[in-house]
Amino acid sequence: MSSSHHNLSQSPKDSIPQLQKAKVGIVVATWNHEITFAMRDACVETLINHGLNTADLIVVDVPGAFELPLGAKILLSNQNMDAVICIGCVIKGETKHDEYISNSVANGIMALSVSSGKPIIFGVLTPNDQQQALDRAGGKYGNKGIEAAHTALKMIHLSRSVHEMDKKKIGF
């Protein structure tokens, strides 16, 4: 979805679930850290504002966006995560490098989510320039970190709701 004239941080408050207990990993690419750290901070704040405790959040850094899927897999393998949020920023350059990185990261995150059955959230910006990134990391279009947190909360809620429905089934 294009963010043209749409603030990423604005969601109807009643559409975001409050969770009392959930373990969430956040994997942050340190490349373009002025962008990704702003997204990370907004993500953490949003999760806490929706009922999670800081003790239930595990934040780790990886060198760049390409390492996000493996960082998420390591968290899933070593921790009992309800979801992992991947935060990164790949700014278009003069070559096609950004396309290779962005496609690889998106495919890696999607594959890990499907294979693990856990929500792995794509919080990766792919702007054309630095200003577009800043606009989406706390600027005029909000903060993608907030949107990633909202997505994680909704997916954890969905997973738990379906699990509860399965417990209530009678018969086959």
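Below are the figures for this structure:
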{"item": "Residue within the range 79-100 that is of a type in the set (Asp, Glu), surrounded by 13 or more Cβ atoms within 10 Å (Cβ to Cβ), more than 20 Å from PHE37 (Cα to Cα) and in contact with a strand residue (DSSP E or B) (Cβ under 7 Å, 6 or more places away or on another chain) present", "result": "yes"}
{"item": "Selection from the range 108-136 of residues that are under 22 Å from LEU153 (Cα atoms), assigned to a helix (DSSP H, G or I) and of a type outside the set (Val, Ile, Thr)", "result": "GLY108, MET110, ALA111, LEU112, SER113, SER115, SER116"}
{"item": "Cβ-Cβ under 8 Å pairs, at least 6 apart or on other chains, the range 92-113 side more than 20 Å from VAL24 (Cβ to Cβ) and free of Cβ contacts under 8 Å to residues at least 24 places away in the same chain, far side outside any helix (DSSP H, G or I) and of a type in the set (Gly, Ala, Ser)", "result": "none"}
{"item": "The range 18-75, residues that are within 18 Å of GLY108 (Cβ to Cβ), of a type in the set (Asp, Glu) and not in a strand (DSSP E or B)", "result": "GLU67"}
{"item": "In the range 114-157, residue nearest to HIS97 (Cα to Cα) [restricted to those that are within 16 Å of the chain's Cα centre (by Cα) and free of Cβ contacts under 8 Å to residues at least 12 places away in the same chain]", "result": "VAL114"}
{"item": "Residue within the range 76-93 that is under 15 Å from the mean Cα position of the chain (by Cα), more than 17 Å from ALA149 (Cα to Cα) and either in a helix (DSSP H, G or I) or at pLDDT below 95 (or both) present", "result": "yes"}
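The values are calculated or read from the model by the stated rules, or taken from the named source; none is laboratory data. What you see is a predicted model, and the numbers here were worked out from it, not measured in a lab. Cβ coordinates were reconstructed from backbone atoms using ideal geometry, including for glycine residues, and neighbour counts include every protein chain displayed.
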